[in-house]
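Here is the structure we will look at.
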Amino acid sequence: MRFGRIAVFCAASVFAGTLAAPAFAQNPYDGNWQVTIVTKSGSCEPTASSMLTVADGKITAPGANVSGTIGSGGLVKVSINGAYANGQLNGNAGSGKWNGASAGIPCSGRWEASRQ
């Protein structure tokens, strides 16, 4: 009987410990990223830069309509102010392609990112 109470107490302690410790899903690419886009075709701005933040694999930026994710393997999928981009991060850098429109005229190009 005494062993049963000790086992129950130990199991309850372990379970309570797992509840007390918050689980943070951290993505290896979390942090601030400086992103530069270069237009290769169309009438969009020739170049532009922006600071994006990745937290738990979700991409945000102040003052921009951003929705996107970065997977644990570095795969990027994002929409920024109506433009769409995809690509790959590796370590502290990454690159990919984007497409969008300016005044209804399609444009596209490449992007590069570096962790700050």
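The values are calculated or read from the model by the stated rules, or taken from the named source; none is laboratory data. Keep in mind the model is a prediction, meaning the values are calculated, not measured. No Cβ is skipped: glycine too gets one built from the backbone with ideal geometry, and neighbour counts run over all protein chains shown.
Which of the residues that make up the stretch 53-68 are part of a strand (DSSP E or B) and within 14 Å of Asn32 (Cβ to Cβ)? Across the stretch 53-68, the qualifying residues are Thr53, Val54, Ala55, Lys58, Ile59, Thr60, Val66. If the condition is being at pLDDT below 95, of a type outside the set (S, T, N, Q) and part of a strand (DSSP E or B), then the stretch 38-49 contributes only Ala48.
Listed here are the residues, each with its yes/no results for (1) in contact with a helix residue (DSSP H, G or I) (Cβ under 7 Å, 6 or more places away or on another chain); (2) modelled with pLDDT of 90 or more; (3) surrounded by 10 or more Cβ atoms within 10 Å (Cβ to Cβ); (4) not in a strand (DSSP E or B).
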residue	(1), (2), (3), (4)
Cys10	no, no, yes, yes
Leu19	no, no, no, yes
Pro28	no, yes, yes, yes
Met51	no, yes, yes, no
Ser72	no, no, yes, yes
Ser79	no, yes, yes, no
Leu89	no, yes, yes, no
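No other residue among Gly57, Gly4 is more than 26 Å from Asn92 (Cα to Cα) and either surrounded by 12 or more Cβ atoms within 10 Å (Cβ to Cβ) or modelled with pLDDT under 85 (or both) apart from Gly4.
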